[in-house]
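One structure below.
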Amino acid sequence: MHPELFKLPDNFFIPFLSGFSIAWYGVLITMGVLIGAWLANRMAARRGLNTDLLSDMIFFSVLWGVVGARVLYVATSFSQFRFLTGESIFDWLFKVVNIREGGLSIHGGLLFGIAALVYYQRRYKINFYQYADLFVPGVALGIIGGRLGNFFNGADTIGRFTNTGVGFVWPSFSDSILGIFNATRNWTGMPGLCKQPDGEAIVALLCINGVPSRGPVHLTQIYGVFIGVALTIACFYWLRSRRPGWAFWQFVLWYSILRAGIEETFRLNPLTVRLWVDNNLGVGLLTFTQIISIPLIAIAIWQLQRIKKQPEQPWSDGGLAAVPVSPPLSPLVSSAEAK
């Protein structure tokens, strides 16, 4: 277990590449996205959809998805990005944009990614759901890759302490690598982490009644992997439907249910509303993600009921979607406005 796939030596012969590393987290997510893009293009070709347009949609939805994932993560964890003593404004800005400082929010990625698809739907007058449905396998595979990357990171998305038989004790040999950030960030907003006198926290260790301990904890990273696998299998069943939007809203429904019910319940996240805490079982309700999952579940059920009443439709868009001559610079800037 190590967060880095490989790292160049600190004295590498090319100075600006010294110490450069590639993390498992990014590699595994990228693999999931690439496989998902390949599957989406194959399904689009079989359904008679515009594959050139789909490729552009995939590129910009991923690009804006990464931006949105970072924006929401920072917005909901802003206490972890406060100015530190001796830190310049440039250091702080780099910390905010550096995805290795904390990571990404899946919900933020979905929100911005969907916004990019809406832009294409309005620009090229296509059926939004005919294309959005094809993104579902890639998102599910991305979840698998992301959670496996969290596992390699060690303390990333770590679970709560538990006295049940499912608890996992992180090994002592991983002290120097457990948690890709070690103690370089401020973690004062995270419950259970052992604080040092300067206010920082040792990510590799959690605390029970103020005493450092290394477990046992819920292995929530692997819970997330199981969720991704279940969604990947289910999405190919949902995609058999000829009612556009069925796969999209089924994914929203079941990801919200499984994430809020299985992963977040046992994950060491701050509780926005302290509804229920059981330190023996390792359970905590309600986190921010669980709260926003409630309206998402309700909206998904409502949309699925509407879609279920609609007649089946052809998968093809009839060739009405124009092929873009050149990809726009941004989903927020039209090609006519690009100079």
Those residues that are modelled with pLDDT of 90 or more, farther than 19 Å from LEU72 by Cα and of a type outside the set (Gly, Ala, Ser), I need them from region 128-150; list them, please. PHE128, TYR129, GLN130, TYR131, ASP133, LEU134, PHE135, VAL136, PRO137, LEU141, ILE144
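Which of the following residues is within 24 Å of the chain's Cα centre (by Cα) and surrounded by 19 or more Cβ atoms within 10 Å (Cβ to Cβ): ALA37, ALA44?
On the way: ALA44 fails: within 24 Å of the chain's Cα centre (by Cα).
Only one candidate passes the filter, namely ALA37.
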Which residue pairs have Cβ atoms closer than 9 Å, lie 6 or more positions apart in sequence or on different chains, and pair a first residue in region 287-302 that is farther than 11 Å from TRP249 by Cβ and in contact (Cβ under 8 Å) with a residue 60 or more places away in the chain with a second residue that is among the hydrophobic types (A, V, I, L, M, F, W, C) and surrounded by 15 or more Cβ atoms within 10 Å (Cβ to Cβ)? PHE288/LEU271; THR289/ILE106; THR289/ALA260; ILE292/ALA260
Taking into account only those residues within region 246-285 that are surrounded by 17 or more Cβ atoms within 10 Å (Cβ to Cβ) and over 21 Å from ILE222 (Cα atoms), which is farthest from the chain's Cα centre (by Cα)? TRP246
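Could you count how many residues in region 247-295 are aliphatic (A, V, I, L, M) and in a loop (DSSP other than H, G, I, E, B)?
2
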List the pairs whose first member sits in region 107-121 and is of a type in the set (S, T, N, Q), whose second member is surrounded by fewer than 21 Cβ atoms within 10 Å (Cβ to Cβ), and whose Cβ atoms are under 7 Å apart, counting only residues at least 6 apart or on separate chains? GLN121/PHE128
Residues of region 86-118 being aromatic (Phe, Trp, Tyr), surrounded by fewer than 20 Cβ atoms within 10 Å (Cβ to Cβ) and at pLDDT 90 or above, which ones? none
When only residues in region 153-187 that are outside any strand (DSSP E or B) and at pLDDT 80 or above count, which is surrounded by the fewest Cβ atoms within 10 Å (Cβ to Cβ)? GLY165
By residue number, the members of region 214-231 that are buried (at least 21 other Cβ atoms within 10 Å of the Cβ) and either among the aromatic types (Phe, Trp, Tyr) or outside any loop (DSSP other than H, G, I, E, B) (or both) are VAL217, THR220, GLN221, TYR223, GLY224, ILE227, GLY228, LEU231
Search region 122-150 for residues that are over 16 Å from LEU258 (Cα atoms) and pair each with any residue that is charged (D, E, K, R) when their beta-carbon atoms are under 7 Å apart and the residues are at least 6 apart or on different chains. ILE126/ASP317; ASN127/ASP317; GLN130/ASP317; ASN150/ASP156
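The values are calculated or read from the model by the stated rules, or taken from the named source; none is laboratory data. Computed from a prediction, not measured in an experiment: that's the story for all the values here. Backbone-built Cβ (ideal geometry, glycine too); neighbour counts: all protein chains shown.
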